[in-house]
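Structure, as structure tokens:
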Amino acid sequence: MIRALFRLVFIVFVLYLIYAVVRFFQTIGKSMPSRNEQGPVQGTMVKDEFCNMYLPRNEAVREVRDGREYFFCSDECRKKFFEANKP
Ligand SMILES: [Zn+2]
């Protein structure tokens, strides 16, 4: 009778331990900012197609042509690029 009670307590204890470990890792996962999984993060570098320099995405001049995204450091570069790449 007492042995059965011990087994029950032991099982409950193990289940609680598993629950605590799962909770622990969930908390860690939330508090740790996951990189590369949160989409475009501020500070992502993009390449200027014309002068080949890299600059932060939020500072770049963006242009979408034929479903493709192009980034430029300035409006001047954008104009020159599409001038040089006319169909
Ligand atoms: Zn440029």
Most packed first (mean Cβ within 10 Å per residue), the peptides 70-82, 9-21 order as 70-82, 9-21
For the chain, what is the Kirkwood hydrodynamic radius in Å, using each pair of distinct C-alpha atoms? 17.8 Å
Per DSSP H run of at least 4 residues, take -39500 (n - 2.57); add these up for the chain, divide by its residues and hand me the 222 nm value, nearest 500 deg cm²/dmol. -16000 deg cm²/dmol
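Read the figures in this text as sums done on the coordinates, not as results from a lab. Quick caveat: nothing in here was measured; it's all calculated off a predicted structure. Cβ sites come from the backbone with ideal geometry, for glycine too, and all protein chains shown count toward neighbours.
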